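Below: one structure, written as structure tokens.
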Amino acid sequence: MTTETLKKTRSLIAQDKLTEALKELRIFLENSPKVDEAIHQSGRFRYIRKQMRLGLVSHAEATLTQNQIRFGLLDLLSEIETEGAAPRLPRDLTESLVEIGDTTWVLSLRQDLLDKGVAVRNERTSIMGHYGWLIEVFLQKMLTKQADGSEHAPLLRFSHMAEAFQSTLRYLCYIQVAQLLQSGEKALHPAVCDFVQLPEKEQAQFDYLNLLLITTESLPVEVAFMPEITAFVDELSDTRSDVYQTALFLDEHRRRLLQNTFVEDEQLPTLLEEYLTGFVFWLRQLAFLAKYRLASIKDITLNYRLGTAKKFVHLYGELHGIYNAAAATAEDYGTIEIEDLFTYNQSILLFKGSNMDISLGNISDPTTFISLSPLVIDQSVFAEKTTQTPEIYYYIGRDADARRYGFAYFKNELPFGDRQNIPSNRVLTVKKQNNAQAKLNDLFKQLELVFSPFRNTSA
């Protein structure tokens with residue numbers, strides 16, 4: 001396609017003239033393998049227009065599909081523009097690369113957190129702690145060294161950064177998917193179905209970027225638990241934005257690492273610096289996560305005597321900034337009494353607000369928290385030991401034939417190249433019968449209940 005054709009097609013899409021834009025693409029991609037993609041999008045557009053005419057879909061559903069088609073076309077145009085070339089960072093970022101080994105990038109995140117009205121100490125561990133366990137664990141790994149004090153091998157350092165990026169996407173998706181699962185029919189979107197029915201062996205390659213876009217579009221802005229994600233995705237959907245270009249760069253190079261296509265040559269150190277620079281920019285856009293707090297509600301008991309008010313005692317563990325200092329046998333759950341009210345037992349809850357005591361005290365307003373379970377679970381809740389630090393696992397797929405679900409330990413590292421069997425990586429399998437941990441039987445029932453609609457869809 002010529003530059004003029006690209007500009008014309010983009011202009012048509014911007015004017016919401018999708019019929020004309022699709023026609024342009026069909027003509028100019030006639031002898032290209034990419035013509036199949038244009039034909040597919042044309043078919044989707046004609047189908048949804050027909051469904052609208054017949055009154056078989058709501059206006060909101062039609063708008064969602066058309067927005068997905070629009071983004072797909074813009075993505076295709078960007079791919080054509082960069083055909084054969086690796087994605088690049090925005091120019092402004094490449095002019096001020098973060099050096100590998102320089103840890104001051106963590107301190108640079110502090111101002112963005114302060115801008116969100118969050119109190120932040122001037123310590124690296126404290127700053128990273130505001131992003132929550134699912135993300136901060138990989139931020140910590142990015143700063144670790146080998147036992148002798150030397151730096152890790154370049155590709156291992158690269159994998160820590162790549163998985164840190166993936167963990168941000170995964171966390172955002174869990175927040176959005178959790179809301180859809182609780183909302184009913186909208187959860188049955190094909191992309192959500194693919195995620196729920198994901199085979200475990202494919203989880204490392206799963207496209208969380210696409211899932212984030214679709215789930216965010218599926219959630220009405222007025223009911224979104226974390227409205228900052230909507231604003232973030234709006235910018236991510238703009239293929240001319242620095243956020244979009246950075247995401248493309250980070251995602252594509254992570255996939256190349258998984259495909260074992262990197263060569264350790266003289267260009268690798270520069271690529272590592274570019275990746276770190278892009279990831280720091282990406283983290284700065286996610287500073288809004290510090291306005292929310294994750295907690296594991298291990299147990300809720302009733303404290304009630306005749307003539308007194310009912311008080312529900314919540315045993316909870318805050319999942320921000322404590323994992324690194326916790327001793328293996330320590331009791332890291334706090335306790336708070338809440339009069340006449342209680343939350344969800346044995347659940348991972350996400351609260352609005354950066355103070356857990358205040359957040360728990362506001363549970364009379366159900367819009368102030370959501371449950372991320374069973375997408376994220378605390379394994380220690382289901383263990384036989386009564387005193388145990390939280391052990392967080394996240395959903396990675398299901399084995400439909402064996403009817404079992406898989407969860408990965410939140411510290412698991414990225415398998416790539418020769419590092420396919422990492423001894424420290426752990427996976428928790430939840431089956432109908434869990435003899436070693438009988439309490440997991442109840443979790444299996446919950447998973448079956450929540451995910452049952454997806455077994456009846458052909459998506």
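Out of all the residues in region 224-244, which are in a helix (DSSP H, G or I), out of contact with any Ser or Thr (no Cβ under 8 Å at 6 or more places or on another chain) and of a type outside the set (Gly, Ala, Ser)?
So in region 224-244, the residues in a helix (DSSP H, G or I) come out as 227-236, 242-244.
Those left that are additionally out of contact with any Ser or Thr (no Cβ under 8 Å at 6 or more places or on another chain): 227-228, 231-232, 234, 236, 242-243.
Correct list: 227, 228, 232, 234, 236, 242, 243.
Please state which one of 231, 224 is farther than 30 Å from residue 426 by Cβ, out of contact with any helix residue (DSSP H, G or I) (no Cβ under 6 Å at 6 or more places or on another chain) and not hydroxyl-bearing (Ser, Thr, Tyr).
On the way: 224 fails: out of contact with any helix residue (DSSP H, G or I) (no Cβ under 6 Å at 6 or more places or on another chain).
Residue meeting the stated conditions: 231.
Tally the residues that are aliphatic (A, V, I, L, M) and either in contact with an Asp or Glu (Cβ under 8 Å, 6 or more places away or on another chain) or within 20 Å of residue 159 (Cα to Cα) (or both), restricting the search to region 217-266.
Within region 217-266, the subset aliphatic (A, V, I, L, M) is 219, 221, 223-224, 226, 229, 231, 233, 236, 243, 247-248, 250, 257-258, 263.
Of the ones still in play, those that are also either in contact with an Asp or Glu (Cβ under 8 Å, 6 or more places away or on another chain) or within 20 Å of residue 159 (Cα to Cα) (or both) are 233, 243, 247-248, 250, 257-258, 263.
Count: 8.
Considering only region 229-243, state which residues are under 16 Å from residue 292 (Cβ atoms) and either of a type in the set (Lys, Arg) or crowded, with 18+ Cβ neighbours inside 10 Å (or both). Walk me through it before giving the result.
Taking region 229-243 and keeping what is under 16 Å from residue 292 (Cβ atoms), we get 229-232.
The answer is 229, 232.
Quick one: count up the residues across region 1-33 that are more than 15 Å from residue 76 (Cα to Cα) and modelled with pLDDT of 70 or more. So that I can check it myself, show each step before the final result.
Kept after step one, since they are more than 15 Å from residue 76 (Cα to Cα), are these residues of region 1-33: 4, 15-17, 19-20, 31.
Narrowing the set further to residues that are modelled with pLDDT of 70 or more leaves 15-17, 19-20.
Going through region 1-33 one residue at a time, the tally reaches 5.
Out of (1) touching a Pro at 6+ places or on another chain (Cβ under 9 Å); (2) part of a strand (DSSP E or B); (3) within 30 Å of residue 155 (Cα to Cα), the odd one out for residue 405 is which?
Of the numbered conditions (1) touching a Pro at 6+ places or on another chain (Cβ under 9 Å); (2) part of a strand (DSSP E or B); (3) within 30 Å of residue 155 (Cα to Cα), the odd one out for residue 405 is (3).
Conditions first: (1) farther than 15 Å from residue 200 by Cα; (2) assigned to a strand (DSSP E or B); (3) of a type in the set (A, V, I, L, M). Residue 396 passes all but one, so which condition is the exception?
Every listed condition holds for residue 396 apart from (1).
Looking at 64, 107, 56, 93, which one is surrounded by 14 or more Cβ atoms within 10 Å (Cβ to Cβ) and either at pLDDT 75 or above or outside any helix (DSSP H, G or I) (or both)? Don't jump to the end; show me each part of the working.
Numbers: 64 fails: either at pLDDT 75 or above or outside any helix (DSSP H, G or I) (or both); 107 fails: surrounded by 14 or more Cβ atoms within 10 Å (Cβ to Cβ); 56 fails: surrounded by 14 or more Cβ atoms within 10 Å (Cβ to Cβ).
Within the list 64, 107, 56, 93, the selection yields 93.
Is it the case that residue 452 is closer than 24 Å to residue 167 by Cβ, hydroxyl-bearing (Ser, Thr, Tyr) and either out of contact with any Asp or Glu (no Cβ under 8 Å at 6 or more places or on another chain) or not in a helix (DSSP H, G or I) (or both)? Break it down stepwise before answering.
Details: closer than 24 Å to residue 167 by Cβ: no; hydroxyl-bearing (Ser, Thr, Tyr): yes; either out of contact with any Asp or Glu (no Cβ under 8 Å at 6 or more places or on another chain) or not in a helix (DSSP H, G or I) (or both): yes.
Here the answer is no, as residue 452 does not meet what is asked.
Against the conditions (1) outside any helix (DSSP H, G or I); (2) modelled with pLDDT under 90, where does residue 125 fall short? Just the number, please.
(1)
Under 6 Å by Cβ, and 6 or more places apart or on different chains, what pairs join a residue from region 348-377 that is not assigned by TED's automatic domain parsing to the domain that holds residue 127 and of a type outside the set (Lys, Arg) with one that is surrounded by fewer than 19 Cβ atoms within 10 Å (Cβ to Cβ) and part of a strand (DSSP E or B)?
Close Cβ pairs (under 6 Å, with a partner that is surrounded by fewer than 19 Cβ atoms within 10 Å (Cβ to Cβ) and part of a strand (DSSP E or B)) amount to 349/371; 360/336; 368/352.
If you go through region 245-269 one residue at a time, how many are in contact (Cβ under 8 Å) with a residue 60 or more places away in the chain and over 20 Å from residue 210 (Cα atoms)?
Going through region 245-269 one residue at a time, the tally reaches 5.
Cβ contacts < 6 Å: first residue under 17 Å from residue 451 (Cα atoms), restricted to region 198-217; second residue part of a helix (DSSP H, G or I) and of a type in the set (S, T, N, Q), any location; separation 6+ or different chain. Result?
Taking only residues 6 or more apart or on different chains, the pairs are 215/176.
The values are calculated or read from the model by the stated rules, or taken from the named source; none is laboratory data. None of the values given here were measured: they were computed from a predicted structure. Cβ coordinates were reconstructed from backbone atoms using ideal geometry, including for glycine residues, and neighbour counts include every protein chain displayed.
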